[in-house]
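As structure tokens, the structure follows; a few thoughts come after it.
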Amino acid sequence: MKILTRCFILISILLPALSHAQDRAAVDKLATQIEALFPEREGYVVSVEGDQLILDLKLGQDIKPGDRLKLIRYGDDIIHPVTKKKIGRKETDLGEVVLLDVRADFSTAHTLDPATKALAGDGVRLPFQQIKLLIAPPSNRSSKKIDSQQLQVNLQQSLAQRPRFETSTFELGLWMLENNLDLPRLLEAGNLEKLRASVDVDFILVPEVNQVKEQTVLNYQLHSARDGSVKKQARILARELPEQGDRPRVQAPPVAAQRQIAPKEMLEYETRQSFNLEILDLDVGDVNGDGKKDLVVITDKRVIILDPSGDKFKKLAMFNAPDASLNFISVDVGDFNKNGRDEIFVSAEADNKLASFILEVDGNRFRALAQDEKRYYRVLRPLDAPTQLVSQTSGFHDPFNGPVEILEFNGSGYAPAGALRLPEKYGFEFILYGLTQGHLTNKKEKDTLFLDNDFHLRVYSSDGRLIVKSDEYYGHDPRQISVGVREDVSGIVREGEPVQYRSRLELIRHKGSRYLLLPKNHRLGGALLSRMVIINNSSLVLLQATREGFEKVYETKKQKGYLAGYQVIDNGESGKHLVVATVTGTAPGETKRSTLFKYRWND
């Protein structure tokens, strides 16, 4: 009986694995066939005639006059020290050659540098280039209930494992729906041009499941994203494909794994500048109406406007707190009175009470639009939705109380226009810090993203369903907000409880993909204590929104101190830049010092 039980357990373990292997066999075969379409482009120098090279290139390669190839000098064989077998040849990179003419029997080229002397027998090779693929939602014309989403994920995973390819998680099906397109219309030149403006893509893979004599067949067509032409089409017998309800979905391949082989990092460091002050927060906007983005930073008692466009952050203007008791908490920027100049919303406290204010740049001076406001301010920039100004009040003995309200300009001031729609979750108190919204899973309703009390990232759908809860902790911060909290002389809290500051969450769209930016303040003691806020160093993390949730795709290098703020500067055609502020010297007795880092977003 024990033997039968063990056999049953063994079979129950092996069957899903066998089914999964069959499930992936057709997908992997498809990926192998597509990979074979893009062989390494290489050849040899047959002869040298003056400054012209005669090349023997492999037939069928997608090359044209003007393409550049590396010129390689081959050296001695490389012999394995144990097996004594030849495993390669030494290569010396001599430079580049440019193709002049491409023919069936031979090609001609010349060296880019006239000083480079090529010899017969030298090799030429096209530099490695990743091919960017977009996978269309598979259509099912069989009688089986195929899980099309899982099949699409399996295709992405199989192709992404091959260094030649980079697969995009861009929601092509949703994009086609939004633009009222079917597949034939998508492949029209004008629509392909529109698609390439949204996502960087070379080819579109169109899979289709059919049935031939009760056998499942996986058809596919590989279309050029330039002109819609068919590069390859084939049919593969598929014994097993994922069916609805078969098993839990396999998560899409980590995008980070794809990025490791990319030729450029997502963010390229540009410059840094240090200041002998403590930056508390920063935001970006056009505060003087000249059409250029300004960087607005705050210290505990100053608002400073900087020009972020050059190698150095140039100071343009500064506003000092009018009262010594006033302490700034956060800053947000946005044009809500629609006069072409962004207002500056400063959340502040004085004498343990909120005393926030609103500024506007009027010519060469600051003008106060509102003062001594008993509310916090935050500007939310939901993905694919209008920017919102929200606020929240403090309690009698608590830093935060009541709903997060939407504010609208009514011609004379900023008045509440209803509560921000948030999921009702028992035990969760939403505050406006560490909070944003965006259309991630639903085109009509916004999802809510926030950092919970333990600094886990949570994402809830509009109907209150938990979509994502991060394993990692994000946004830890050594600062506390204690407005309204009363303490005795010794500093022991008697009434109310301070709330840990939670960093800004920013959703952005870049090249058709959606990203969430999050500070990662690395704590002393690692993740053992979620509320440990002694910060060793910090970095900024980029998470990419996928069908399965979020995938970490990039993290900036760790810098000393904690990350106090960050913001993206979108300069339109000139690209996106990212500014990050870190603060060091947080230990008692140390001089606080801040550093602004600027990164350029690589396309």
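Longer than 30 Å from Cα to Cα, which of Lys557/Lys592; Lys144/Lys231; Lys353/Lys446 are they? Say none if no pair is. Flagged as over cut-off: Lys353/Lys446. Taking amide H as placed 1.01 Å from N in the peptide plane, the amide H of Gln221 sits under 5 Å from that of Val206, each at least 5 places away or on another chain. Its residue count N sets the reference 2.2 N^0.38 Å, and the alpha-carbon radius of gyration of region 131-237 equals 1.06 times that reference.
Taking other Cβ atoms within 10 Å as a rough exposure proxy, Ser143, Ser461 sort from fewest to most as Ser143, Ser461.
If R0 equals 25 Å, the separation of the Cβ atoms of Asp454 and Glu424 corresponds to a calculated FRET efficiency of about 0.80. By the beta-carbon count within 10 Å of each Cβ, the least crowded to most crowded order of Glu373, Glu445, fewest first, is Glu445, Glu373.
Rounded, prolate or oblate: pick one for region 42-125, where a ≥ b ≥ c are the square roots of the eigenvalues of its C-alpha gyration tensor, a/c under 1.5 means rounded, and failing that, prolate if a/b is larger than b/c, else oblate. Let's see the in-between values first.
Numbers: a/c = 2.53, a/b = 1.73, b/c = 1.46.
Prolate shape, in that a/c is at least 1.5 and a/b is the bigger ratio.
Would region 114-174 count as rounded, prolate or oblate if I go by the C-alpha gyration tensor, calling it rounded below 1.5 in a/c and otherwise prolate when a/b exceeds b/c, oblate otherwise? Prolate, because a/c is 1.5 or more and a/b exceeds b/c.
Suppose every K and R has +1 on its Cβ and every D and E has -1 on its Cβ; what is the size of the dipole of region 131-237 about the Cα centre, in Debye to the nearest 20? Don't jump to the answer; show the numbers that get you there.
On the way: 14 positive and 12 negative charges, 85 e Å.
It works out to roughly 420 debye.
Viscosity 1.306 mPa s, temperature 10 °C: give me the Stokes-Einstein translational D for region 392-492 in µm²/s, with Rh taken as the Kirkwood radius over C-alpha pairs.
On the way: Rh = 15.7 Å.
Translational D for this selection: 101 µm²/s.
Simple point charges give the picture: +1 on the Cβ of Lys and Arg, -1 on the Cβ of Asp and Glu, and for region 267-601 a dipole about the Cα centre of about 880 debye. Here region 267-601 is treated as a sphere whose radius is the Kirkwood value from Cα pairs; by Stokes-Einstein at 20 °C and 1.002 mPa s it diffuses with a coefficient of 105 µm²/s. Shown for Ile78, Ile63: other C-beta atoms within 10 Å of each C-beta, ranked fewest to most, produce the order Ile78, Ile63. Summary of the geometry: region 382-420 and region 160-217, compared by the centres of their Cα atoms, lie 41 Å apart. Projecting the Cα atoms of Thr387, Phe409, Ala317 onto the dipole axis of region 307-466, where Lys and Arg carry +1 and Asp and Glu carry -1 at the beta carbon, places Thr387 farthest toward the positive end. Starting from the Cα gyration tensor of region 330-453, take the square roots of the eigenvalues, sort them a ≥ b ≥ c, and report rounded, prolate or oblate (rounded when a/c is under 1.5, otherwise prolate if a/b is larger than b/c, else oblate). Oblate, since a/c reaches 1.5 and b/c is not below a/b.
Provide the gained length on full extension for the span Glu472 to Thr393, in nm with one decimal, where the gain is 0.36 nm per separating residue minus the Cα-Cα distance. Before the final figure, lay out the partial values.
Values: separation 79, 0.36 × 79 = 28.44 nm, distance 2.99 nm.
That pair, Glu472 and Thr393, stretches by 25.5 nm at full extension.
Taken along the Cα-to-beta-carbon direction at a fixed 7 Å, the label points for Asp323 and Leu37 span 6.9 nm.
No value in this document is a laboratory result; all are computed from the given coordinates. All values derive from a computational prediction rather than experimental measurement. Positions of Cβ are generated from backbone atoms using ideal geometry, with glycine treated the same way; all protein chains shown enter the neighbour counts.
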